[in-house]
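S.K.: Sharing a structure with you now.
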Amino acid sequence: MAIERAHEPVLLDPKGPVITVIACTVGAILLLGSGGAAVYVAVRTVSEFGETGSGWTWAGAGLFLVAVFVACVGWSTFSSARWERRLTLRLAATGVDAIALVLSASSAPPSNDEHEQVRLLVRVEGPGFEPFECACVLLAYLFADAAQGTVLPARVDPAARVFTLGPSPAPRAQGAADA
């Protein structure tokens, strides 16, 4: 008897329509441009394959491999941007509000853009799904004040186990609390 295991939860960085269009455009340009270059280089390399004194064969093979790699990067960019946007829309439509309790917080290495990051272990609980734990690496400027015991707002798609975390609510000013 096989035991069915629920798939791991996924922290989603919501993507808006503008970012999705830009990513899809870049991906399509890379895919189509490199795909066309790969076809051209392949045809030229095959047509000059038997000629003596031509160094094009090895250079053409190398250029073909580079063009195919760039085309694969373009396809990956295009398809992942569409996938993330589809998940963002699904989460907005079918997601439920939940809370994420920070179980531990520590610093993480900076991102590729040299942004400081923080590593959080959170337990997400809410209506319509079993609570789960997830380790997340997030930007420090949004979650730097998160410490053990902090409660963060979350939104969860129970069927897909996709979720987002919001930054911790700002503490209310003393004057606002007295008014």
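S.K.: Name the pairs whose Cβ atoms lie under 6 Å apart, with the first residue in segment 16-44 and more than 16 Å from Arg82 (Cβ to Cβ), the second part of a helix (DSSP H, G or I) and not small (Gly, Ala, Ser), and 6 or more positions between them or separate chains?
M.R.: From segment 16-44, the pairs are Ser34/Val70; Ala38/Phe64; Ala38/Val68; Val41/Leu63; Val41/Phe64; Ala42/Phe64.
S.K.: Residue by residue through segment 115-168, note down the ones that are more than 18 Å from Leu87 (Cα to Cα), aliphatic (A, V, I, L, M) and buried (at least 19 other Cβ atoms within 10 Å of the Cβ).
M.R.: Val118, Leu120, Val122, Val124, Leu138, Ala146, Leu152
S.K.: Quick one: count up the residues across segment 39-63 that are modelled with pLDDT of 85 or more and open to solvent by 80 Å² or more (accessible area, probe 1.4 Å).
M.R.: Result for segment 39-63: 4.
S.K.: Can you pull out the residues in segment 106-153 that are outside any strand (DSSP E or B) and acidic (Asp, Glu)?
M.R.: Answer for segment 106-153, where residues must be outside any strand (DSSP E or B) and acidic (Asp, Glu): Asp113, Glu114, Glu116, Glu130, Asp145.
S.K.: While we're here: Search segment 108-126 for residues that are without any contact (Cβ under 8 Å) to a residue 40 or more places away in the chain and pair each with any residue that is among the hydroxyl-bearing types (Ser, Thr, Tyr) and open to solvent by 80 Å² or more (accessible area, probe 1.4 Å) when their beta-carbon atoms are under 9 Å apart and the residues are at least 6 apart or on different chains.
M.R.: His115/Tyr141; Glu116/Ser107; Glu116/Tyr141; Gln117/Ser107; Val118/Ser107; Arg119/Ser107
The values are calculated or read from the model by the stated rules, or taken from the named source; none is laboratory data. This structure is a prediction, so every number in the text was calculated from the model and none was measured. FYI the Cβ positions are ideal-geometry reconstructions off the backbone, even for glycines, and counts take in every protein chain you see. Calculation scope for accessible area: heavy atoms of the full protein, side chains included, ligands and nucleic acids excluded. Shrake-Rupley method; radii C 1.70, N 1.55, O 1.52, S 1.80 Å.
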